[in-house]
Every structure is written in C-alpha cells, then in structure tokens.
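Here is the structure we will look at.
The values are calculated or read from the model by the stated rules, or taken from the named source; none is laboratory data. Note that the coordinates shown come from a computational prediction; the quantities given were computed from them, not determined experimentally. Cβ sites come from the backbone with ideal geometry, for glycine too, and all protein chains shown count toward neighbours. For accessibility, only protein heavy atoms count, side chains too; no ligands or nucleic acids. Shrake-Rupley method; radii C 1.70, N 1.55, O 1.52, S 1.80 Å.
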Amino acid sequence: MVDESRDRELGMHSRITRRDFLNGVGLAVGASLVAAVDMTGQDKGPDRSARDALLEQGITPQDPRYAPPAQTGLRGNHPGSFEIAHQLRDGEFWESVGRPENTGENYDLIVVGGGISGLAAAHFYLRHAGARARVLLVDNHDDFGGHAVRNEFQVGKRMLLSNGGTQSIESPGEYSNVAKELLRELRIETQRFYKAYDRKLYSSLGTGCFFDRETFGEDRLVTGMGSKPWPEFLAQAPLPETVRRDIARVYTEKKDYLPGLSRSEKHARLAKISYADFLTKLCNVHPDALPFFQTYPADLFGVGIDAISALTCYAEGDDYGSFTYAGFDGMNLGELGTEEPYIFHFPDGNASIARLLVRSLIPDSIPGHTMEDIVTARADYSRLDLPGAPVRIRLNSTAVRVRHVGALESAKSVEVAYVRDGKLQSVEAKSCVLACYNSMIPYLCPELPETQKEALHFGVKVPYLYTHVAIQNWRVFQKLGIHHIVAPGSYHTYVALDFPVSLGEYKFPSNPDDPMVLFMLRSPCQPGLPRCDQYRVGRAELYSTHFSVIERKIRDQLDRMLGPAGFDPARDIAAITVNRWAHGYAYEYESLSDPHRQKNERPCVIGRQQFGRISIANSDAAGRAYTDAAIDEAHRAVQEVLRFT
Ligand SMILES: Cc1cc2nc3c(=O)[nH]c(=O)nc-3n(C[C@H](O)[C@H](O)[C@H](O)COP(=O)(O)OP(=O)(O)OC[C@H]3O[C@@H](n4cnc5c(N)ncnc54)[C@H](O)[C@@H]3O)c2cc1C
C-alpha cells in the first residue's frame, strides 16, 4: 500500500528526478517517459527502456543526440534487452517467427556480445587478421560495454560521471601479459591513477553503520566503524549487551579457535564452514550477532555470511577497505599478500576501457587519442554500424541462433540470426566468437555436445543493483564525518560517495558544496538457500521489481540514514539511475559450495571448448568476474578462430 503523504515527503512526485539530459541539453521528458513512474505514486505500468523513451521523441540511435549513458531510470539489463532471450530460454521464440531475413552481409568474424570480452576479441582479431578484416559485433543492450557502461548525470551546470557496472582495474600488476599489452595498446598507463585518484580527500572521513528498525529495532546511524575501538563504536549501536560484547570480543581477543590443528588443517576446516558458522560454532558468538555481519561479503560474492566459507572471508582481508572480518587475528593462518591500492578507477569505471576499445575499432565514433580525453569525449552512436565500415557494432540486437552453414566438419561459414527492432535477420561470417553469457550459449547453439551444454549451464551469474543517485551536495557526509555507510539490514546494504578521481578535463566534485554521485549496492539474495539458488531468487526479484518501488526504497533509506543530519530526499536528490545487473558477475568457484576440482575439470573449462568455427570468450569462460579475465578469454577464443581467416 503506497503512503501518499510519505511519498510526498520523500519527493516521489518530484519532476527533477526524471529529468533527462541529452547531449548536455536539459530536456524535461516527464515521469512517464523515462521510468513509467506514475505521478500518483502507484506502482503500475510497465518499466520502459530509455531507448524507447528517446524513440518516442524521434531520437533514434542514428541521431547525434542519442546518448544512452545520459539516460536515468532503469539501466543495466534494461527493459527491451532480455525479453527475446527469455523467450528463447522458455522454448517460445521459434513458435512465433518464420525464417530470418538474410541481410546479405558477410564478415570474417561475428562477435556476439559487446562487453569488454567481445570488444577485446574484435581488437585481437584485427591485430592478427589485418586491417582489411571485417568484423560485426551484436549486443542486446542499447549501449556497448556489457557490464562496463557509463552513467552520466547533469546537475545544474555540472556533468557527473559514474560507473554503471564494472568499477575499477583491480590489481593491474597481476594482469596477464596479454591483458597488460592490451592496456598499453589503448594507452592506459595505470601509474597515472596515483595522481588522478585523490587519496587524501576522504582521509578524515570514516565508515558509518546504519542499523535499521526492521532488523535491529531502531533506526540509528553510528559512525566510527573500524576506526574507533570496537567496544566504543558498539556502545552506540542498538544491539543487546550480549551481542555487543560478543562482537567486540571476537574482534579483539585474538584467540585461536582451532587449537591443536596445523595451519593446513585449519585452512581445510575453514574452507568447509560458513563464516556464519565459524562465528557461532567456533567463536561462540551469539546468533543474534549474525545480522550485523550478514552482508560483509555481499560486494564480492552477492550473498551473505551463510553462503561463503570462513577461509574465503579470511583471504579477502578487509571489507570496503575499512574493517576486517572478525575472528582471524589469533589463528595463525598465514600472512596475506599485500595488494595494490584500489585506485585504478576512471571516473566512469572500466567503461573507459570499453570506450577506448570502441575508439580503436571505429576511430570516427569517439574523438581523441589519450586515456585522459576519453573521459569526457562524446560517443557518436550513429557511427557504430555504418554500411561498408570494416568494424560494425550493432546494438539492440539479440542473437537467437548461431550455427554452421552446412555440416560441422565441412562448413565454410557460420550464420548468426538476431532480432533487432522486432525483425529477425541473419548474417554470415567465416567464424564466430560468443562473448555473451555462458548460460545463453546452449540456446544459441543447441547442437553443442550435451556435456558442454550442461557445463555452460552450471554457473549462475550474480545479480546486483548498482544504483547511482546524484545529490545536490555532500555536506551531510562531511558533517557526519563519513564517506560510506554499511547498512546490513537495509534494501541497499552499502552506500558510498563516488571514487575521487579527476582525469583530463573531468574534475571530481571535491568540495562538499558540489553535487556528487552516491553509489548504492544491493545484492538481492535469499539467505539460507544454496548459493546458486540465492542468485536465482535474486534475479527473479530484480526482473519483477518496478523502478518506482526501487526509487521509493532509495529515498526512504537515504531519508532514514541521513535525514536526522539534514538530508532531505525531496530537495537533495537530483537524479537516480538504477543499473540492474540481473546477470552480473561471472560465477566464481568457492570452497563452501563447490567441490575441489582440478582446473581443467571445472565446468567453465569444459564449457568453453571450441565448436567448429565457433569459439567462446567472456568472463564466464574463466569462472572469474574480472576485466582481465574477459580480456584473456577473448584472446584465447581469437587464437582458436584465427585459422579460419
Ligand atoms: C556490477 C559489476 C561490477 C563489476 N566490477 C568489476 C571491477 O571493479 N573490476 C573488474 O575487473 N571486474 C568487475 N566486474 C566484472 C567485469 O565487469 C566482467 O568480468 C567483464 O566486464 C565481463 O565482460 P564480458 O564481455 O565477458 O561480459 P559482459 O560485460 O556481460 O558482456 C557480454 C555482453 O553480451 C551480451 N549478450 C548476452 N547474450 C546475448 C545475445 N544473445 N545476443 C547479443 N548479446 C548478448 C550481454 O548482454 C552483454 O552486453 C564487475 C561486474 C559487474 C556486473
């Protein structure tokens, strides 16, 4: 039941949140166009893609004003990007369509999937096959980059950037030579982030923990988490005395909870016990303390402490860079290696890598030459799919079938059928790289061997909401002395001021009076279920939740966390973009839920085998949710198909 007066307080009826900016020109498109939020606050009417909203205004992808990153509302796996794929999965697609119309196009390579892996595959292919090669990429979204997309906001005169998905280049020193070489070719010098990333800006600001009334009986924001001594921090928390004592104890007593075991025996034991069980069964922490810890691993694994092993938690070291997992200090589990700082962040995250790849593939599409000028360069989407161009990127196109033309052994080409604008079309190429999701591949290529299809179905991608909220200023964070908040019981369990990076002409809003982008993370899991089932339930939740419901949750949460310190959601929220990653991180193997397997016996390895002229890239093929994995898999897949040039 929607509470009208509460909605008004929260600003649910405010028009400014649905104001869109096309090419920097303010254009109030009204509530119904961007996110189908109806003005009475009722949650009715379907969500619609920003692309459809633009089309209704006569702005097509060929129009220079067409700028998907500037669209607010529901992004990521946006409406219009997944429906065909779901029909295919449910066996309903081919019932209602005839034969595809052959466009007559013939390529050397077709890549399905325009994420970093697909773009890198095109890059590697051209590098080896020569500039005369012709390559087509198809992707079902209205933007390129896959997870690596960019969010743009206009607040007053200021353009703010953020990463719609893929956040940072993590530990670039550990990238493979192949991935390092690609970064070099794109002129990315990671050393420059040491200057671009302002590590001092938040140094006086700490971590807050928001205890919500539904979980902890009272709404209260407590600051100083991880910086104040634990007993002092917990003294402010609305937790029973026994729970406070237990949390403080397990953080401070430095006890060996597995006495008598060797280090390797401890590792083996911790690999098979959840962190939740470690706390309650080995550390004797009261079960009522678990809600406080529940979402510690959510940012990396998309589930809580019930579904991740204690060993993995120990190996992660710290969470959000501020506080460690409790209980390991006295266990003599070995030294953790030192990691590179988490600073390798373009203002739009790794969308800059995707954009640099697009610029190298289609130089006319994005102006400039450097890793600095890519940040503010405007992409011209009308140039992505030009007839006759050696490389074409066809967006809003869902591949539905990939098969050899003729018998597998003797085929000279592959046919790819896809749906674009409701039309079923086909194109041909000498070979194909599938840089899409593993779980999609068996539907695209039903003739794959059964064992391979089973392996491709194995991993479930991790669902997330990566929400960005543009706010008028960030004075309230300065006042509270925090730059991020963990909120273990709330809808979004983590809230943070954006990464302080200034690069090229982009200057980070480093004055608290400046507008700012807040990052909010939700991992929609279902604690208690097996890990993959938690992801499935979460994905279903994301696909069935209307934008207006999420918007109300965002406003309510920010009001309850920050309202007492002066934040007013109706006044201070300028725009909201919810990046829905129903198919998010690649599935990663983890000791609690996965048996130990030799590397070559892993489902991702069995699943990625070459099938005639079809090869498989993408991060799922590595079982690792990282940019370098996407690049490495692209390189391998291209090596496989190069013999068909
Ligand atoms: C929210 C989020 C944050 C992340 N943060 C980081 C980070 O900070 N650092 C890091 O290293 N990694 C991060 N990752 C992981 C990283 O983004 C991925 O490993 C990498 O970008 C995946 O690239 P990809 O090309 O393999 O897949 P994707 O980016 O998923 O691209 C695959 C593309 O194929 C498309 N596709 C699927 N089926 C079809 C079809 N039938 N027809 C046409 N197109 C299709 C998909 O829609 C998608 O656009 C993050 C991932 C997510 C989801």
C-alpha center-to-center spacing [the stretch 571-608, the stretch 505-525] in angstrom: 24 Å
In Å², nearest 10: area of I110 left accessible to a 1.4 Å probe: 0 Å²
Using distinct alpha-carbon pairs, which all enter the 1/r mean, Kirkwood radius of the stretch 240-332 in Å: 13.2 Å
Whole-number Å³ per residue for the convex hull built on Cα positions in the stretch 110-188: 133 Å³
Which of A377, F344, A389, positive extreme of dipole for the stretch 339-391 (C-beta unit charges): A389
Cα-based equivalent ellipsoid of the stretch 511-645: semi-axis lengths in Å, sorted from largest, via gyration tensor: 40, 20, 14
FRET efficiency, D380 to D52 (Cβ-Cβ, R0 22 Å, nearest 0.05): 0.55
Average Cα contact separation per residue, the chain, under 8 Å, 6 or more apart, as relative contact order %: 22 percent
Antiparallel DSSP beta bridges within the chain, as percent of all bridges there, nearest 5: 65 percent
Heavy atoms of D373: accessible area, 1.4 Å probe, square angstrom to 10: 50 Å²
Farthest positive-ward along the chain dipole, Cα basis, beta-carbon charges - from P291, L642, H457: L642
Leading residue at positive end of dipole, the chain (Cβ point charges), from Q478, M1, L542: Q478
Listed peptides 131-138, 376-383 by packing density, highest first (mean Cβ within 10 Å): 131-138, 376-383
Rg to Rh, two decimals, where the stretch 576-645 supplies the alpha carbon set and Rh follows Kirkwood: 1.06
Relative contact order of the stretch 227-336, defined on C-alpha pairs under 8 angstrom at six or more residues apart (%): 33 percent
Straight-distance crosslink candidates among lysines, where the alpha carbon sits under 24 Å from K195 and sequence neighbours closer than 8 are dropped: K180, K507
Residue-span extension gain [E450 to Y543] - 0.36 nm each, minus C-alpha spacing: 30.6 nm
Test item: Cα-centred dipole of the stretch 229-301, Lys/Arg +1 and Asp/Glu -1 on Cβ, debye: 300 debye
Diffusion coefficient, µm² s⁻¹, Stokes-Einstein with Kirkwood Rh over alpha-carbon pairs of the stretch 433-591 at 10 °C and 1.306 mPa s: 89 µm²/s
For K553, solvent-accessible area (1.4 Å; no DNA, RNA or ligand), Å²: 90 Å²
Estimated D of the chain in µm² per second, where Rh is the Kirkwood radius over Cα pairs and Stokes-Einstein applies at 4 °C, 1.567 mPa s: 51 µm²/s
Mean-position separation - Cα centroids, the stretch 128-156 and the stretch 175-222, in angstrom: 24 Å
FRET efficiency, T103 to S262 (Cβ-Cβ, R0 56 Å, nearest 0.05): 0.30
For the stretch 381-488, size of Cβ-based charge dipole, Lys and Arg +1, Asp and Glu -1, in debye: 560 debye
Unit charges on C-beta of K, R, D, E only; dipole of the chain, Debye: 860 debye
